[in-house]
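**Q** A single structure is presented below for examination.
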Amino acid sequence: MAKIAVVPGDGIGTEVIEQGVRVLKEIAPDLEFEWFDLGADRYLRDGVTLPDDVFERWKAEFDCIYLGALGDPRVPSNVHAKDILLGSRFRLDLFINLRPIKLLDARRCPLKGKSCDDVDIVVFRENTEDLYTGMGGTFKQGTPDEVAQEVCIATRKGVERIVRAAFEYTASRGLSKVCMSDKSNAMRNTGGLWQRVFREVASEYPAIEASHLYVDVLAMELVRCPERFEVVVTSNLFGDIVTDLGAILQGGIGLAGSGNIHPGRLSLFEPVHGSAPDIAGQGIANPLAAILTAGMMLNHLGRPEDEKRIQAAVQACLLNDEVTRELGGTLSTVEVTDAFLSRLA
């Protein structure tokens with residue numbers, strides 16, 4: 001029996017994660033859930049972000065973490081979000097940020113004439129290095145001579161394991177193309193490392209077409225010709241940007257799920273749409289990203305057929321306009337989940 005730690009988060013995170021757990025209980029009644037009171041409310045109440053005893057319990061007792069969006073205007077520093085999400089990524093060494101870009105309803109793609117087959121991409125974003133490590137600082141802050149610095153970190157180990165994960169995924173699913181994206185024409189040191197490692201790993205997979213694009217060109221090509229891509233591997237910062245572009249291609253950020261993964265270990269799954277405090281508590285948040293994320297989590301737990309069932313039911317909801325208002329529908333958060341469960345049955 002797999003055990004899931006549920007962290008509902010802030011804002012609409014609490015609303016959509018509740019619906020995701022409804023779905024998980026319906027599809028996989030053998031799963032065990034434990035809810036954790038972590039987020040802005042807990043931080044404001046007693047100053048706690050992610051206690052060490054909770055983190056140690058997660059590592060010892062749980063198979064996955066199901067996380068809602070974090071962020072609250074009452075905590076302008078966002079320290080709780082940094083400790084819970086980024087802290088988990090680094091402390092659990094979740095080096096794969098897996099972001100599918102899969103169009104389920106062609107009407108919702110902003111690109112003219114594109115079909116669902118044209119937008120079906122998986123991005124492997126390196127998740128523990130680059131400009132997200134917090135290395136750097138400021139000097140003479142608040143003066144006209146202020147200097148601010150962020151340090152970009154790339155290690156041979158970090159680059160090789162994310163590149164290898166992308167090729168392994170491609171080979172295991174019968175796909176044929178991996179594109180690596182960097183900015184090595186401007187960032188010659190870290191980019192040079194990515195280039196060398198990519199060529200070396202690609203040579204071990206001669207049946208897979210390995211290509212390279214600078215990240216600005218990748219962004220253009222995702223808009224011009226998304227069908228040319230199957231698997232993309234890139235750094236933390238560039239992956240953060242191009243996957244949000246990809247979310248719009250698949251119909252909107254309310255349909256974007258993600259996994260923060262270390263194969264064979266405790267991993268974390270989260271919809272990526274943010275806490276949206278402006279609509280929190282109104283019952284109009286889109287639960288479909290949380291539901292698709294639940295499907296990714298089931299796949300990670302060795303239940304790929306359950307993820308396919310979830311994708312099919314979400315697609316049926318989209319095609320029948322059983323959606324929330326930002327997708328042109330009229331249903332509430334709970335009503336969308338009700339419709340999903342009907343389609344699932």
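**Q** Would you mind ranking Tyr132, Tyr205, Tyr43 so that the residue whose beta carbon has the fewest other beta carbons within 10 Å leads the list?
**A** Numbers: Tyr132 19, Tyr205 16, Tyr43 22.
So the ranking, lowest neighbour count to highest, is Tyr205, Tyr132, Tyr43.
**Q** In percent, what relative contact order does the chain have, based on Cα pairs under 8 Å that are 6 or more apart in sequence? Can you show the working numbers first?
**A** Details: 674 pairs, mean separation 76.1, N = 345.
It rounds to 22 percent for the chain.
**Q** Once you list every other residue whose beta carbon is under 15 Å from the beta carbon of Glu335, what net charge do they have if Lys and Arg are +1 and Asp and Glu are -1? List each step's numbers first, then the result.
**A** Values: positive: Arg22, Arg325, Arg343; negative: Glu15, Glu18, Asp321, Glu322, Glu326, Asp338.
My count for the surroundings of Glu335 gives -3.
**Q** Taking 0.36 nm per residue of separation and subtracting the Cα-Cα distance, what length does fully extending Arg91 through Glu26 add? Display every interim value, and only then the final one.
**A** Working: separation 65, 0.36 × 65 = 23.40 nm, distance 3.17 nm.
Working it through step by step, the gained length comes to 20.2 nm.
**Q** Rounded to the nearest 20 Debye, what is the dipole magnitude of the chain about its Cα centre when Lys and Arg each give +1 and Asp and Glu each give -1 at the C-beta?
**A** 820 debye
**Q** How would Arg161, Arg224 line up from fewest to most surrounding beta-carbon atoms within 10 angstrom?
**A** Working: Arg161 20, Arg224 11.
In order of increasing Cβ crowding within 10 Å: Arg224, Arg161.
**Q** I've got another one for you. Taking the number of other C-beta atoms within 10 Å as the exposure measure, put Lys3, Lys112 in order starting with the fewest. Before the final figure, lay out the partial values.
**A** Numbers: Lys3 14, Lys112 5.
Exposure proxy ranking, most exposed first: Lys112, Lys3.
**Q** Could you name the lysines whose alpha carbon sits less than 22 Å from that of Lys25, not counting residues in the same chain fewer than 8 places away?
**A** Lys3, Lys308
**Q** Okay, moving on. Indicate the gyration tensor shape class of segment 155-251 (rounded, prolate or oblate), computed on the Cα atoms with a ≥ b ≥ c the square roots of the eigenvalues: a/c under 1.5 is rounded; otherwise a/b larger than b/c is prolate and the rest oblate.
**A** oblate
**Q** Through the Karplus equation 6.51 cos²θ - 1.76 cosθ + 1.60, θ set to phi - 60°, convert the phi angles of segment 106-113 into ³J(HN,Hα) values in whole Hz; use x for Gly and Pro.
**A** 4, 5, 9, 7, x, 8, 5, x
**Q** Oh, and also: Could you give the length gained on full extension between Met187 and Phe55, defined as 0.36 nm per residue of separation minus the Cα-Cα distance, in nm?
**A** On the way: separation 132, 0.36 × 132 = 47.52 nm, distance 3.59 nm.
Value of the extension gain: 43.9 nm.
**Q** Set Lys and Arg Cβ to +1 and Asp and Glu Cβ to -1, take the dipole of segment 199-308 about its Cα centre, and tell me which of Ile253, Ala202, Ile241 lies farthest positive.
**A** My answer, from the dipole projection, is Ile253.
**Q** On to the next question. For Lys114, go through the aspartates and glutamates and keep the ones whose alpha-carbon is under 13 Å away, minus same-chain ones fewer than eight residues off.
**A** Cα-Cα hits under 13 Å: Asp105, Glu227.
**Q** Comparing Arg228, Arg74, Arg42, which has the greatest mean-square fluctuation in the GNM of the chain with Cα pairs linked when under 10 Å apart?
**A** Per the Cα network of the chain with a 10 Å cutoff, Arg74 tops the list.
**Q** Considering only Asp37, Asp145, Asp240, give the residue with the highest GNM mean-square fluctuation for the chain, with springs between Cα atoms whenever their separation is below 10 Å.
**A** Of the options given, Asp145 has the highest mean-square fluctuation.
**Q** I would also like to ask the following. Build a GNM of the chain with springs between Cα atoms under 10 Å: which of Cys109, Cys225, Cys317 gets the top mean-square fluctuation?
**A** Cys225
**Q** Sticking with this structure for a sec: For the pair Arg45/Val334, report the inter-label distance in nm, with labels modelled 7 Å from Cα in the Cβ direction.
**A** 2.3 nm
**Q** So the label point goes 7 Å from the Cα of Arg74 along Cα→C-beta, right? Which residues of segment 33-48 then have their backbone N under 12 Å from it?
**A** 39-47
**Q** Taking the alpha-carbon centroid of each part, what is the distance from segment 227-244 to segment 75-130 in angstrom?
**A** When both Cα centres are located, 9 Å separates them.
**Q** Something else: Run the quick spin-label model on Tyr214 and Leu175: label points 7 Å from Cα toward the beta carbon, then report their separation in nm to one decimal.
**A** Computed distance between label sites Tyr214 and Leu175 equals 2.5 nm.
**Q** Same structure, new question: Rounded to the nearest 0.05, what FRET efficiency do Asp37 and Asp278 give with R0 = 25 Å and r taken as the Cβ-Cβ distance? Could you check?
**A** 0.60
A short reminder: the numbers here are calculations on the coordinates, not readings from a lab. Because the structure is a prediction, the values reported are computed rather than measured. Glycine gets a Cβ as well: all are built from the backbone with ideal geometry, and neighbour counts include every protein chain shown.
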